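The values are calculated or read from the model by the stated rules, or taken from the named source; none is laboratory data. From a predicted model like this one, the values you see are computed outputs, not experimental measurements. Cβ placement follows ideal geometry from the backbone for every residue including glycine, while neighbour counts extend to all protein chains displayed.
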Amino acid sequence: MKAPLGLWPVDKLILGYFGFALILIFIGWHALPLAPVLLLLHLAAAALLLFEIGFPNPTSWLFRNWYPVVYVAGCYREMDILVPAVRQRNYDQWLANLDYAVWHANPTVWLERIQSPVATEYLQIVYTLFVPAVLLVAFLFWRQGKYAEFRYYAFLVTLGFLVTYAGYVTVPARGPRFQLAHLQHIPLTGLWFFDTMQNGLDRLESIAYDCFPSGHTELTILAWWSSRYLRNSLFWPYFAYTSSIIFATVYLRYHYTIDVLAGAAVAAILLVATPSLYRKLKQERA
């Protein structure tokens with residue numbers, strides 16, 4: 001199947017974000033030992049995309065529909081390097097203070113009173129399945145041949161991820177698991193796979209300043225809301241999953257509640273604003 005010609009809205013979005021990333025690279029050039037490598041990787045990724053757009057070939061259909069998965073993942077990984085280079089402070093204490101001002105307690109510490117190995121195991125599984133849960137909606141659109149819906153969902157989710165990355169640069173924070181560790185009285189313990197899953201995520205995320213806003217909250221809300229366009233039977237299971245992961249973000253000490261509120265707010269804004277933005281970018285043929 002041939003890919004539609006010209007720049008798609010998601011292409012414009014990613015190329016625009018690359019411009020933002022290049023600005024960050026130049027700002028932090030002297031603090032980035034890998035600055036030339038990052039610069040070349042962005043230029044190579046943009047060149048590959050423009051090649052697939054300008055010279056349709058047998059790989060174009062699959063590449064142009066699914067490449068955002070790889071590009072967005074790459075953009076996340078570079079946050080580990082970019083954020084410390086361009087920001088010389090983090091906002092963990094500020095976020096923790098906001099939480100305390102609202103609840104008159106630190107939520108992650110307060111939740112120790114309902115902590116249990118069963119709940120910890122379940123919620124860590126839910127948290128670990130975040131990316132597969134978001135991608136499952138895209139896969140189902142694809143399998144059902146709903147390519148227009150698939151491309152819109154790809155745009156929506158890509159926009160959601162990139163907005164969170166901009167948030168990480170604006171308000172860098174590592175989360176209560178590190179900031180409030182000295183206040184916790186009981187370590188999180190699961191049943192069978194908790195340690196393996198948590199350690200695996202730690203290795204994948206490295207030293208991530210990825211708290212504000214909560215991408216887990218934002219993206220699962222987007223996936224839940226979009227699932228209703230597939231079939232009604234998915235709506236409520238996704239709602240249950242979304243509710244679980246929102247609770248998991250705080251219970252597992254990955255996020256402050258202000259992160260969760262910000263993630264939900266961003267999701268609501270995107271659900272309202274993205275349709276018109278998508279139509280506008282779609283009409284601007286390149």
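Restricting attention to the stretch 213-266, which residues are out of contact with any helix residue (DSSP H, G or I) (no Cβ under 9 Å at 6 or more places or on another chain) and of a type in the set (Phe, Trp, Tyr)?
Hit for the stretch 213-266 is Trp236, nothing else.
Restricting to the stretch 175-194, what's the tally of residues that are touching a helix residue (DSSP H, G or I) at 6+ places or on another chain (Cβ under 9 Å) and either over 23 Å from Tyr209 (Cβ atoms) or among the hydroxyl-bearing types (Ser, Thr, Tyr) (or both)?
Kept after step one, since they are touching a helix residue (DSSP H, G or I) at 6+ places or on another chain (Cβ under 9 Å), are these residues of the stretch 175-194: 175-180, 183-186, 188-194.
Within this subset, residues satisfying the condition of being either over 23 Å from Tyr209 (Cβ atoms) or among the hydroxyl-bearing types (Ser, Thr, Tyr) (or both) are 185-186, 189-194.
Of the residues in that region, 8 qualify.
Say we look at the stretch 239-267 and pick out the residues that are surrounded by fewer than 20 Cβ atoms within 10 Å (Cβ to Cβ) and free of Cβ contacts under 8 Å to residues at least 40 places away in the same chain; which of these is nearest to Leu95 (Cα to Cα)?
Here the answer is Leu261.
Of the conditions (1) under 21 Å from Ala148 (Cα atoms); (2) at pLDDT below 95; (3) not acidic (Asp, Glu), Leu34 fails just one. Which one is it?
Failing condition for Leu34: (1).
When you go through (1) surrounded by fewer than 19 Cβ atoms within 10 Å (Cβ to Cβ); (2) at pLDDT 95 or above one by one for Ala181, which number turns out not to apply?
(2)
Is it true that some residue in the stretch 274-285 is out of contact with any helix residue (DSSP H, G or I) (no Cβ under 6 Å at 6 or more places or on another chain) and of a type in the set (Gly, Ala, Ser)?
In the first step, residues of the stretch 274-285 are kept if they are out of contact with any helix residue (DSSP H, G or I) (no Cβ under 6 Å at 6 or more places or on another chain); the result is 275-277, 279-280, 283-285.
Subsequent filtering for residues that are of a type in the set (Gly, Ala, Ser) retains 276.
For the stretch 274-285, residues out of contact with any helix residue (DSSP H, G or I) (no Cβ under 6 Å at 6 or more places or on another chain) and of a type in the set (Gly, Ala, Ser): present.
Across the stretch 78-101, what is the total count of residues that are loosely packed, with under 13 Cβ neighbours inside 10 Å and touching a residue at least 40 places away in the same chain (Cβ under 8 Å)?
Total meeting the criteria: 2.
Filter the stretch 79-127 for residues that are closer than 23 Å to Tyr209 by Cβ and assigned to a loop (DSSP other than H, G, I, E, B) and give the result.
Correct list: Arg87, Gln88, Arg89, Asn90, Tyr91, Asn106.
Quick test for you: out of Phe150, Phe155, Phe161, Phe139, pick the one residue that is part of a helix (DSSP H, G or I) and touching a Pro at 6+ places or on another chain (Cβ under 7 Å). I'd like the intermediate steps shown before the answer.
Details: Phe150 fails: touching a Pro at 6+ places or on another chain (Cβ under 7 Å); Phe161 fails: touching a Pro at 6+ places or on another chain (Cβ under 7 Å); Phe139 fails: touching a Pro at 6+ places or on another chain (Cβ under 7 Å).
Result of the check over Phe150, Phe155, Phe161, Phe139: Phe155.
Right, Arg77: in contact with a helix residue (DSSP H, G or I) (Cβ under 8 Å, 6 or more places away or on another chain), within 30 Å of Ala181 (Cβ to Cβ) and among the charged types (D, E, K, R) or not?
Numbers: in contact with a helix residue (DSSP H, G or I) (Cβ under 8 Å, 6 or more places away or on another chain): no; within 30 Å of Ala181 (Cβ to Cβ): yes; among the charged types (D, E, K, R): yes.
No, not satisfied.
How many residues does the stretch 100-147 hold that are among the acidic types (Asp, Glu) and under 25 Å from the mean Cα position of the chain (by Cα)?
Keep residues of the stretch 100-147 that are among the acidic types (Asp, Glu), which gives 112, 121.
Keeping just the survivors that are under 25 Å from the mean Cα position of the chain (by Cα) gives 121.
Of the residues in that region, 1 qualify.
What pairs come out if I take residues in the stretch 33-59 that are surrounded by 13 or more Cβ atoms within 10 Å (Cβ to Cβ) and pair them with residues that are charged (D, E, K, R) and in a helix (DSSP H, G or I) whose C-beta lies under 7 Å away, six or more apart or interchain?
Pairs found: Leu38/Glu78; Leu49/Asp11; Glu52/Arg64; Ile53/Asp11.
Surrounded by 18 or more Cβ atoms within 10 Å (Cβ to Cβ) and at positive phi: which single residue out of Gly175, Gly160 fits that description? Give the steps one after another, and end with the answer.
Working: Gly160 fails: at positive phi.
Only one candidate qualifies: Gly175.
Quick one: is Leu234 more than 17 Å from the chain's Cα centre (by Cα), at pLDDT below 95 and outside any helix (DSSP H, G or I)? Show your work before the answer.
Working: more than 17 Å from the chain's Cα centre (by Cα): yes; at pLDDT below 95: yes; outside any helix (DSSP H, G or I): no.
No.
Got a sec? Which of Gly200, Gly167, Gly215 is farther than 19 Å from Leu261 by Cβ and in contact (Cβ under 8 Å) with a residue 40 or more places away in the chain?
Numbers: Gly167 fails: farther than 19 Å from Leu261 by Cβ; Gly215 fails: farther than 19 Å from Leu261 by Cβ.
The match here is Gly200.
What is the residue count in the stretch 178-222 for residues that are closer than 21 Å to Ser244 by Cβ, part of a helix (DSSP H, G or I), small (Gly, Ala, Ser) and more than 12 Å from the chain's Cα centre (by Cα)?
Total meeting the criteria: 1.
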